[in-house]
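Here's the structure, in structure tokens; my notes come after.
The values are calculated or read from the model by the stated rules, or taken from the named source; none is laboratory data. Because the structure is predicted, anything quoted here is derived from the model rather than measured. Cβ placement follows ideal geometry from the backbone for every residue including glycine, while neighbour counts extend to all protein chains displayed. Accessible surface is based on the protein model in full, side chains and every heavy atom, while ligands, DNA and RNA are left aside. Shrake-Rupley method; radii C 1.70, N 1.55, O 1.52, S 1.80 Å.
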Amino acid sequence: MAAFGAKYIKFAPIKTEPATGMPTYDAPVTLGDLVKAELTINLASGEIYGDDRLVEKLEEFSSGSIAVEVVDMTDTVESTLFGSAYDESTGLVDNTSDNIPYGGLGYCKVLVRNGKKVYRAIFYPKTKASQGTDSANTKGSSITFASTPVSFTVHEPNDGDWRHRKVFDTEAEAKAWIDKMFKGTSV
């Protein structure tokens, strides 16, 4: 399997999180054109030794982090993602009391398997965004584009299912699956 593409990144704030099953979500927003999404999994681990040897070792998911980059993010999307106030007349305003919402995050990864292009849809039921660095560079003798970074922490939802993945033959099927995950209707 070779991965060579990423697209269709969406986020929706959690509306409710039942004790069992998937959370329910508000309407999803598209973050922008996806440049990259990179997952790092954090494991809690423990070992116990006895009789001068390792007797047990346990590793369990504790959280994850996803470093995302998009080409550009609109003010309305940033408002949804970070809990910032947005109004067309005043613009986007960040406040120390902003409440960054938990939400679902999904995107497609393009793969090649046995010479055929396939699409892996990935969905994280409970994430929380944090703002990345913001930098600006002056124009020089060449143009260098900069993307918009966002970091997400992946949390364990109440049912324990922290990530869902499914491979599809077509991009349309993968996108439809992600859309269904936000509605809690996919299997």
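Dividing the summed -39500 (n - 2.57) terms of all DSSP H runs of n ≥ 4 by the residue count of the chain sets its mean residue ellipticity at 222 nm at -3500 deg cm²/dmol. Structure remark: mean-square fluctuation, Gaussian network model of the chain, C-alpha springs under 10 Å; the largest value among Ser147, Ser62, Ser135 belongs to Ser135.
In percent, how large is the relative contact order of the chain, given Cα pairs closer than 8 Å and 6 or more residues apart?
The normalised contact order for the chain reaches 26 percent.
Between Phe4 and Val93, the modelled label-to-label distance comes to 4.9 nm, taking each label 7 Å out from Cα in the direction of the beta carbon.
Please identify, among Thr74, Thr90, Thr30, the residue showing maximal mean-square fluctuation in a Gaussian network model of the chain using a 10 angstrom Cα cutoff. Most flexible of the set in this elastic network: Thr90.
Note on the chain: with a GNM built from Cα contacts shorter than 10 Å, the maximum mean-square fluctuation among Ala129, Ala12, Ala85 falls on Ala85. Once the Cα-Cα distance is subtracted from the 0.36 nm per residue extended length, the Ala85 to Asn42 segment shows a gain of 12.3 nm.
Counting only residues at least eight positions apart within a chain, or on another chain, the lysines with an alpha carbon under 23 Å from that of Lys116 are Lys7, Lys36, Lys166, Lys175.
Average accessible surface for the range 28-153: 62 Å² per residue, computed with a 1.4 Å probe over protein heavy atoms with every protein chain in place.
For the chain, the share of alpha carbon pairs falling in successive 5 Å distance bins from zero is 1, 7, 14, 17, 17, 15, 11, 8, 5, 3, 2, 1, 0, 0, 0 percent.
A Förster radius of 35 Å, combined with the Cβ-Cβ distance separating Asp33 from Arg53, puts the computed FRET efficiency at roughly 0.10.
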